[in-house]
Amino acid sequence: MKTSTTGRILSILAGIGVFVLLLFLIGFLEYALIGGVLGWLAVTLIYSKKQRDQTIVYDGTTRSDIDNTIKQGRQLTHGMRRAIQRLTQVEIRHQVEDLCKIAESMFEMLKRDPKDIRIVKQFISHYLEPTHKIIVKYAELATIRPMPADAIETLERTESSLKNIRATFLKQKEKMLNNDVMDLDTEIKVFETLANNINRVSSNTDKNALNKNKSNIY
């Protein structure tokens, strides 16, 4: 649990302050010590979280940026799930649930690789938010009674678009997977370069040692 110098100083002062206050009010040393430790621990945890949130994880992106992006996306998937609870069409519910799972798998990938932040932000604003609106409107229209005369055509058009939406979601996820492939390829190339350099140095060292031994023999 790492904290800044300011955080450590404030946590110590908070612990001392709580200790003195409780000792003055209660008069029991044991309770005052426990309160002081708890005060120190509380301030330490607060500053540790603050420092973690402000840590740069990739190209100016902080851990807080990552967490907020994921939170925004999950609010949308939760909203979609709430909307389909009112539906009786099992197939539609399964399709929407599948969309939510694809989106949330992308959020998990973002947790592991912050470099995907741009792709996920674009996915949320360009695809997930409009899909959320479509699903919510669809659920409202499908459950309203009496149903408007032109509602059936609109509902059917929405249902037929779910497969296209799924394909679009998968394309966005594929972009993230392609980034992972490129990263892995780069790591392999770096490893191969290092291995070749080490082997070359080792080979030259062996040759020099062999030549030196031959010189000593002659």
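Read-outs throughout are calculated quantities, based only on the coordinates presented, and are distinct from any laboratory measurement. Only a predicted model underlies this, so the values are computations on that prediction, with no experimental measurement involved. Reconstructed Cβ throughout: ideal geometry from the backbone, glycine too, with neighbour counts over all protein chains shown.
In the range 60-78, the residues that are on the phi < 0 side of the Ramachandran plot reach residues that are part of a strand (DSSP E or B) with C-beta atoms within less than 8 angstrom, at least six apart or across chains, in these pairs: T62/I56; R63/V57; I66/V57.
Once the range 81-134 is narrowed to residues that are farther than 19 Å from E174 by Cβ, in contact with a Lys or Arg (Cβ under 8 Å, 6 or more places away or on another chain) and in contact (Cβ under 8 Å) with a residue 60 or more places away in the chain, the residue that is surrounded by the fewest Cβ atoms within 10 Å (Cβ to Cβ) is Q95.
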